[in-house]
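The values are calculated or read from the model by the stated rules, or taken from the named source; none is laboratory data. This is a predicted model, so every value here is computed, not measured. Quick reminder, even Gly has a Cβ in these numbers, built from the backbone with ideal geometry, and neighbours come from all protein chains shown. Only protein heavy atoms, including side chains, enter the accessible area calculation; ligands, DNA and RNA are left aside. Shrake-Rupley method; radii C 1.70, N 1.55, O 1.52, S 1.80 Å.
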Amino acid sequence: MMRSVGRLDGKVAIVTGAGSGLGRAAALRFAAEGASVACVDLDREGAQETVSAMGERGLVVVADVTAEADTERMVAETVERFGPPTVLYANAGIGGRGAAGEVDLELWQAVLAVNLTGVWLSAKACLPAMMDAGGGSIINQGSITALIGFANSAAYSASKGGVISLTRQMAIDYAPHNVRVNAICPGVIETPLLRRSWAQAQGVPESEVDDLLAEHWHPQIPMGRLGQVDEIAAMAVYLASDESAWTTGSILTVDGGQTSA
(Lines give C-alpha, C1' and ligand atoms only; values in the text may rest on other atoms or scores of the structure.)
Protein backbone atom coordinates (compact mmCIF):
# COMPACT_ATOMS: atom_id res chain seq x y z
CA MET A 1 0.00 0.00 0.00
CA MET A 2 1.24 3.50 -0.83
CA ARG A 3 2.12 5.94 1.94
CA SER A 4 -0.84 7.92 3.22
CA VAL A 5 -0.87 11.69 2.86
CA GLY A 6 -4.39 12.22 4.21
CA ARG A 7 -6.02 13.07 0.88
CA LEU A 8 -9.37 11.71 2.11
CA ASP A 9 -9.32 12.94 5.71
CA GLY A 10 -12.89 13.28 6.98
CA LYS A 11 -14.49 11.45 4.06
CA VAL A 12 -17.00 8.64 4.56
CA ALA A 13 -16.83 6.14 1.71
CA ILE A 14 -18.93 3.19 0.60
CA VAL A 15 -17.16 0.67 -1.63
CA THR A 16 -19.23 -2.10 -3.16
CA GLY A 17 -17.51 -5.34 -4.08
CA ALA A 18 -14.89 -4.55 -1.44
CA GLY A 19 -14.21 -8.18 -0.58
CA SER A 20 -11.57 -8.72 -3.26
CA GLY A 21 -9.85 -7.36 -6.34
CA LEU A 22 -10.40 -3.74 -7.37
CA GLY A 23 -12.85 -3.06 -4.55
CA ARG A 24 -10.49 -4.28 -1.86
CA ALA A 25 -7.57 -2.30 -3.28
CA ALA A 26 -9.63 0.89 -3.39
CA ALA A 27 -11.10 0.39 0.08
CA LEU A 28 -7.63 -0.05 1.57
CA ARG A 29 -6.31 3.01 -0.23
CA PHE A 30 -9.29 5.08 0.90
CA ALA A 31 -8.69 4.08 4.51
CA ALA A 32 -4.95 4.74 4.23
CA GLU A 33 -5.75 8.22 2.96
CA GLY A 34 -7.94 8.98 5.99
CA ALA A 35 -11.45 7.93 4.97
CA SER A 36 -13.85 5.81 6.99
CA VAL A 37 -14.94 2.98 4.71
CA ALA A 38 -18.01 0.76 4.57
CA CYS A 39 -16.82 -2.40 2.81
CA VAL A 40 -19.83 -3.89 1.05
CA ASP A 41 -19.89 -7.38 -0.39
CA LEU A 42 -22.07 -10.49 -0.58
CA ASP A 43 -19.03 -12.39 0.69
CA ARG A 44 -18.85 -11.63 4.41
CA GLU A 45 -15.50 -13.36 4.80
CA GLY A 46 -13.94 -11.35 1.98
CA ALA A 47 -15.28 -8.07 3.34
CA GLN A 48 -14.05 -8.96 6.81
CA GLU A 49 -10.56 -9.64 5.47
CA THR A 50 -10.55 -6.19 3.89
CA VAL A 51 -11.73 -4.51 7.08
CA SER A 52 -9.25 -6.45 9.19
CA ALA A 53 -6.47 -4.87 7.15
CA MET A 54 -7.68 -1.32 7.90
CA GLY A 55 -8.82 -1.53 11.51
CA GLU A 56 -11.30 0.90 13.06
CA ARG A 57 -11.73 2.82 9.84
CA GLY A 58 -13.62 -0.12 8.31
CA LEU A 59 -17.15 -1.49 8.52
CA VAL A 60 -18.37 -4.80 7.10
CA VAL A 61 -21.71 -4.61 5.31
CA VAL A 62 -23.10 -7.76 3.71
CA ALA A 63 -25.42 -6.69 0.92
CA ASP A 64 -26.67 -7.60 -2.53
CA VAL A 65 -26.48 -4.52 -4.77
CA THR A 66 -29.29 -5.85 -6.95
CA ALA A 67 -31.72 -5.63 -4.01
CA GLU A 68 -33.02 -2.14 -3.23
CA ALA A 69 -33.64 -2.97 0.43
CA ASP A 70 -30.02 -4.09 0.78
CA THR A 71 -28.62 -0.90 -0.74
CA GLU A 72 -30.82 1.18 1.53
CA ARG A 73 -29.58 -0.80 4.53
CA MET A 74 -26.01 -0.39 3.31
CA VAL A 75 -26.39 3.37 3.57
CA ALA A 76 -28.25 3.23 6.88
CA GLU A 77 -25.51 1.13 8.50
CA THR A 78 -22.86 3.49 7.16
CA VAL A 79 -24.67 6.54 8.50
CA GLU A 80 -25.14 4.91 11.90
CA ARG A 81 -21.42 4.07 12.21
CA PHE A 82 -19.63 6.90 10.43
CA GLY A 83 -22.16 9.51 9.32
CA PRO A 84 -23.49 10.27 5.83
CA PRO A 85 -21.47 8.98 2.88
CA THR A 86 -19.51 11.53 0.89
CA VAL A 87 -17.95 8.98 -1.48
CA LEU A 88 -19.52 6.02 -3.28
CA TYR A 89 -17.39 3.69 -5.35
CA ALA A 90 -19.95 1.51 -7.15
CA ASN A 91 -17.50 -1.21 -8.06
CA ALA A 92 -19.39 -4.50 -7.56
CA GLY A 93 -19.57 -6.46 -10.77
CA ILE A 94 -19.55 -9.88 -12.37
CA GLY A 95 -18.29 -11.22 -15.68
CA GLY A 96 -20.17 -13.03 -18.35
CA ARG A 97 -18.87 -14.43 -21.63
CA GLY A 98 -20.80 -15.04 -24.82
CA ALA A 99 -21.65 -13.40 -28.14
CA ALA A 100 -25.09 -11.85 -28.58
CA GLY A 101 -26.41 -14.88 -30.44
CA GLU A 102 -25.12 -17.32 -27.86
CA VAL A 103 -25.47 -15.84 -24.37
CA ASP A 104 -28.52 -17.15 -22.56
CA LEU A 105 -31.16 -14.89 -21.07
CA GLU A 106 -30.45 -15.86 -17.47
CA LEU A 107 -26.79 -14.83 -17.72
CA TRP A 108 -27.68 -11.63 -19.61
CA GLN A 109 -30.11 -10.59 -16.89
CA ALA A 110 -27.71 -11.49 -14.07
CA VAL A 111 -24.85 -9.44 -15.55
CA LEU A 112 -27.02 -6.38 -16.15
CA ALA A 113 -28.59 -6.71 -12.70
CA VAL A 114 -25.24 -6.50 -10.91
CA ASN A 115 -23.19 -4.33 -13.24
CA LEU A 116 -25.80 -1.74 -14.20
CA THR A 117 -28.86 -1.96 -11.96
CA GLY A 118 -26.57 -2.43 -8.94
CA VAL A 119 -24.70 0.77 -9.80
CA TRP A 120 -27.97 2.67 -10.10
CA LEU A 121 -29.45 1.27 -6.88
CA SER A 122 -26.26 2.04 -4.96
CA ALA A 123 -26.34 5.64 -6.15
CA LYS A 124 -30.08 5.96 -5.57
CA ALA A 125 -29.64 4.85 -1.97
CA CYS A 126 -26.65 7.14 -1.33
CA LEU A 127 -27.84 10.33 -2.98
CA PRO A 128 -30.25 11.66 -0.32
CA ALA A 129 -27.69 11.38 2.49
CA MET A 130 -24.89 12.63 0.26
CA MET A 131 -26.86 15.72 -0.75
CA ASP A 132 -27.84 16.38 2.87
CA ALA A 133 -24.12 16.28 3.73
CA GLY A 134 -23.45 19.04 1.19
CA GLY A 135 -22.27 16.92 -1.71
CA GLY A 136 -19.78 14.24 -2.57
CA SER A 137 -18.31 12.01 -5.23
CA ILE A 138 -19.84 9.00 -6.94
CA ILE A 139 -17.39 6.80 -8.82
CA ASN A 140 -18.91 4.22 -11.14
CA GLN A 141 -17.00 1.21 -12.38
CA GLY A 142 -17.03 1.14 -16.15
CA SER A 143 -14.76 -0.79 -18.49
CA ILE A 144 -12.99 -0.25 -21.78
CA THR A 145 -15.39 -2.91 -23.13
CA ALA A 146 -17.90 -0.04 -23.21
CA LEU A 147 -15.61 1.95 -25.50
CA ILE A 148 -14.14 -0.58 -27.94
CA GLY A 149 -15.30 -3.93 -29.25
CA PHE A 150 -14.46 -7.01 -27.20
CA ALA A 151 -15.23 -10.47 -28.54
CA ASN A 152 -17.66 -12.73 -26.67
CA SER A 153 -18.72 -10.15 -24.08
CA ALA A 154 -22.19 -9.05 -25.17
CA ALA A 155 -23.81 -8.84 -21.73
CA TYR A 156 -20.75 -7.43 -19.98
CA SER A 157 -20.11 -4.80 -22.66
CA ALA A 158 -23.76 -3.78 -22.71
CA SER A 159 -23.82 -3.41 -18.93
CA LYS A 160 -20.71 -1.23 -18.92
CA GLY A 161 -22.02 0.86 -21.80
CA GLY A 162 -25.07 1.55 -19.68
CA VAL A 163 -22.84 2.61 -16.79
CA ILE A 164 -21.12 5.17 -19.03
CA SER A 165 -24.42 6.70 -20.14
CA LEU A 166 -25.82 6.66 -16.60
CA THR A 167 -22.68 8.38 -15.31
CA ARG A 168 -22.99 11.27 -17.75
CA GLN A 169 -26.70 11.61 -17.11
CA MET A 170 -26.33 11.62 -13.32
CA ALA A 171 -23.52 14.18 -13.55
CA ILE A 172 -25.93 16.63 -15.14
CA ASP A 173 -28.75 16.00 -12.67
CA TYR A 174 -26.67 16.24 -9.52
CA ALA A 175 -24.07 18.91 -10.32
CA PRO A 176 -26.37 21.57 -8.78
CA HIS A 177 -26.27 19.53 -5.55
CA ASN A 178 -22.44 19.44 -5.50
CA VAL A 179 -22.43 15.72 -6.23
CA ARG A 180 -19.84 14.75 -8.82
CA VAL A 181 -20.32 11.56 -10.86
CA ASN A 182 -17.48 10.02 -12.85
CA ALA A 183 -16.59 6.61 -14.21
CA ILE A 184 -13.34 4.70 -14.31
CA CYS A 185 -12.87 2.45 -17.33
CA PRO A 186 -10.11 -0.02 -16.48
CA GLY A 187 -8.34 -2.00 -19.12
CA VAL A 188 -7.33 -5.58 -18.53
CA ILE A 189 -6.49 -5.78 -14.83
CA GLU A 190 -4.92 -8.73 -13.06
CA THR A 191 -7.75 -9.63 -10.66
CA PRO A 192 -9.19 -12.85 -9.24
CA LEU A 193 -12.19 -12.35 -11.55
CA LEU A 194 -9.98 -12.21 -14.64
CA ARG A 195 -7.93 -15.22 -13.62
CA ARG A 196 -11.02 -17.25 -12.73
CA SER A 197 -12.90 -16.45 -15.94
CA TRP A 198 -9.89 -17.20 -18.13
CA ALA A 199 -9.16 -20.45 -16.35
CA GLN A 200 -12.77 -21.53 -16.86
CA ALA A 201 -12.79 -20.49 -20.50
CA GLN A 202 -9.53 -22.32 -21.25
CA GLY A 203 -10.31 -25.32 -19.08
CA VAL A 204 -7.12 -25.04 -17.04
CA PRO A 205 -6.39 -24.52 -13.33
CA GLU A 206 -5.97 -20.89 -12.22
CA SER A 207 -2.35 -21.69 -11.34
CA GLU A 208 -1.66 -22.24 -15.05
CA VAL A 209 -3.36 -19.17 -16.47
CA ASP A 210 -0.53 -16.58 -16.24
CA ASP A 211 1.21 -17.55 -19.48
CA LEU A 212 -2.10 -17.66 -21.35
CA LEU A 213 -3.03 -14.17 -20.14
CA ALA A 214 0.37 -12.77 -21.10
CA GLU A 215 0.34 -14.41 -24.52
CA HIS A 216 -3.13 -13.09 -25.34
CA TRP A 217 -3.14 -9.61 -23.79
CA HIS A 218 0.39 -8.22 -23.73
CA PRO A 219 0.59 -7.72 -27.52
CA GLN A 220 -2.69 -5.73 -27.42
CA ILE A 221 -1.56 -3.31 -24.71
CA PRO A 222 0.96 -0.64 -25.76
CA MET A 223 2.59 -0.69 -22.33
CA GLY A 224 3.06 -4.45 -22.71
CA ARG A 225 1.56 -5.68 -19.43
CA LEU A 226 -1.66 -6.17 -17.50
CA GLY A 227 -2.79 -3.44 -15.13
CA GLN A 228 -2.64 -3.82 -11.37
CA VAL A 229 -5.44 -3.18 -8.89
CA ASP A 230 -3.48 -0.43 -7.12
CA GLU A 231 -3.30 1.52 -10.38
CA ILE A 232 -7.09 1.68 -10.53
CA ALA A 233 -7.29 2.47 -6.81
CA ALA A 234 -5.02 5.47 -7.38
CA MET A 235 -7.50 6.92 -9.88
CA ALA A 236 -10.35 6.23 -7.46
CA VAL A 237 -8.53 8.17 -4.72
CA TYR A 238 -8.17 11.15 -7.05
CA LEU A 239 -11.88 11.10 -7.92
CA ALA A 240 -12.86 10.69 -4.26
CA SER A 241 -10.65 13.58 -3.16
CA ASP A 242 -11.17 17.31 -3.36
CA GLU A 243 -8.40 17.40 -5.96
CA SER A 244 -11.07 16.50 -8.54
CA ALA A 245 -13.53 19.15 -7.34
CA TRP A 246 -14.27 20.38 -10.91
CA THR A 247 -14.35 16.94 -12.51
CA THR A 248 -17.77 15.48 -13.24
CA GLY A 249 -19.28 13.51 -16.08
CA SER A 250 -15.83 12.26 -17.05
CA ILE A 251 -15.01 8.79 -18.33
CA LEU A 252 -11.42 8.07 -17.36
CA THR A 253 -9.57 5.20 -19.01
CA VAL A 254 -6.76 3.46 -17.14
CA ASP A 255 -5.69 0.87 -19.66
CA GLY A 256 -2.00 1.02 -20.56
CA GLY A 257 -2.93 2.73 -23.84
CA GLN A 258 -5.16 -0.05 -25.17
CA THR A 259 -7.99 2.22 -26.31
CA SER A 260 -5.47 4.46 -28.08
CA ALA A 261 -3.89 1.71 -30.15
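Using the Cα centre as the reference, give the magnitude of the dipole from point charges on the C-beta atoms of the stretch 84-216 (Lys, Arg: +1; Asp, Glu: -1; all else neutral), rounded to the nearest 20 debye. Present the calculation step by step, with values, prior to reporting the outcome.
Details: 7 positive and 11 negative charges, 115 e Å.
So the magnitude is around 560 debye.
Can you work out the FRET efficiency for the pair Val5 and His216, with r the C-beta to C-beta distance and R0 = 30 Å, to the nearest 0.05? Don't skip to the end; give the middle numbers.
Working: r = 37 Å, r/R0 = 1.24.
The calculated FRET efficiency here is 0.20.
With only Lys, Arg, Asp and Glu charged, each at its Cβ (+1 for the first two, -1 for the last two), find how big the charge dipole of the stretch 196-261 is about the Cα centre; round to the nearest 20 debye.
For the stretch 196-261, the charge dipole is close to 180 debye.
So what is the 222 nm mean residue ellipticity for the chain from helices alone, if each DSSP H run of at least 4 adds -39500 (n - 2.57) and you divide by all residues, rounding to the nearest 500 deg cm²/dmol?
Values: 9 runs with 111 residues, N = 261.
Mean residue ellipticity, 222 nm, calculated: -13500 deg cm²/dmol.
Over the chain, what is the mean sequence separation of C-alpha contacts under 8 Å (at least six apart), divided by residue count, expressed as relative contact order in percent?
Value for the chain: 19 percent.
So what J values fall out for the stretch 208-217 if you push phi through Karplus, 6.51 cos²θ - 1.76 cosθ + 1.60 with θ = phi - 60°, rounded to Hz, Gly and Pro as x?
Coupling constants for the stretch 208-217: 10, 8, 4, 5, 5, 4, 4, 4, 7, 8 Hz.
How big is the charge dipole of the chain about its Cα centre, in debye rounded to the nearest 20, if each Lys and Arg gets +1 on its Cβ and each Asp and Glu gets -1 on its Cβ?
Rounded to the nearest 20 debye, it is 560 debye.
Rg and Dmax of the chain over Cα atoms: what are they, in angstrom?
Calculated on Cα positions, Rg and Dmax stand at 17.4, 51 Å.
Over the stretch 153-227, what is the relative contact order in whole percent, taking alpha-carbon pairs under 8 Å and six or more residues apart?
Contact order relative to length: 22 percent.
Based on the mean of other Cβ atoms within 10 Å per residue, sort peptides 42-48, 15-21, 63-69 so the most packed one is first.
Packing proxy ranking, top to bottom: 15-21, 63-69, 42-48.
Residue farthest toward the positive end of the dipole of the chain, with Cβ of Lys/Arg at +1 and Asp/Glu at -1: which of Leu105, Ala125, Leu193?
Most positive-ward Cα: Ala125.
Express in nm, to one decimal, how much length is gained between Arg81 and Asp132 on full extension, taking 0.36 nm for each residue of separation and deducting their alpha carbon distance.
That works out to 16.7 nm of additional length.
Sort Ser36, Ser241 by accessible area with a 1.4 Å probe, largest first. The partial results should precede the final answer.
Values: Ser36 25, Ser241 0 Å².
Of Ser36, Ser241, the descending order of accessible area is Ser36, Ser241.
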